[in-house]
Structure formats: structure tokens, C-alpha cells
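The structure appears below as C-alpha cells.
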């Protein structure tokens, strides 16, 4: 199956340069007699490379047949992250380099989607938001907001460092957006 320019939406999986990609941005413009053009931005699911292209009227792109399966994060070592598929209990290992920044928010037993292409696991997708415990936060000092600083760096149980509001302290649980790496809210547990 292939997609014409009107069917390419954000989140669509396509093949580009023999790599499965996901559409992350689109700008559709209709030109009077000249027809329509589509400026497309996509991220390679294997390499992480950002591609940009412009498509015209009758252009189409082939669909990338991506299979998603549920898995649980087991542990990580220096180079790899190890997961166990929930349907058949097979273990899968992926390079930290491929998973990228999202690996900073993985803790044991986190449920993820394993993304497979042509029978091979190529990446993972974490939930958009995860709850993590703060292991280190400097105390808020009165007067810190005078220069406009309303956030401070904190360290999470996974070792990731994010900026959080001044009222966050050691032991708090915070919700983090795994796509942007930003603080969302404090969670009462």
C-alpha cells in the first residue's frame, strides 16, 4: 500500500530511503493552478535521522509495515537495554544509542511497545508520561525567583536530570513527558 500526499498525517509510518520512518511534521499548501505541495518532516525509526522533503500532486510514498508488541523493561547495561515481550516471553536487546533520550526515563518493569520492521525489533516507544521518584533536589532558597529562576535541576531514580519547580524535594514523585524530557506535574502517591 502507498499513501498519496493527502493521506500522509503525523504519526503515519512510511518507507523513505529504505528506512521505516514516522511522519513528525507536515505543511500542506494548495497553489491555485499549480496544484498542491506537501512539505514533510519525518524521523527514521532505525537511525533517528530527521528527513525533510517536498512532495507534489501525484507523488506517493510506500507504507512501512510496522508491528508493535507489548514488552516490559528488564534492565540496562553499559550499551544495551533488555526487554521481555509479554506475549511469548522472548527477550529483546536494543542499543541505548538507538533508543536515545527515552532510555533516560526507563525503570524496571516499565511497559513499552517494541517496534518491529521485517521481523526485527528496531526501537521502542515509551508511554508519553511516566512517574519517577526524585532522588536528589537542592533545597529551594528564598530569593531564587528574583532573577526569574522558577525551576531547579533535580535527579530522578533512573539517573536522568530534568528541571522542576522550586517546591519539588527529595522523595517526591514527578510525572515526566518522555518525548520532551520535561516536568509535567507532581504526583501524590
* Can you pull out the strands (runs of 3 or more DSSP E) entirely within the range 59-177 that have at least 1 residues that are without any contact (Cβ under 8 Å) to a residue 40 or more places away in the chain, under 19 Å from residue 45 (Cβ atoms) and in contact with a helix residue (DSSP H, G or I) (Cβ under 8 Å, 6 or more places away or on another chain)? -> 80-85
* From the list 90, 172, which one is within 27 Å of residue 15 (Cβ to Cβ), surrounded by 12 or more Cβ atoms within 10 Å (Cβ to Cβ) and outside the structural domain of residue 15 (by TED's automatic domain parsing)? -> 90
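The values are calculated or read from the model by the stated rules, or taken from the named source; none is laboratory data. Treat the numbers as computed from the prediction; the structure is a model and nothing was measured. Glycine also receives a Cβ, built like all others from the backbone with ideal geometry; neighbour counts cover every protein chain displayed.
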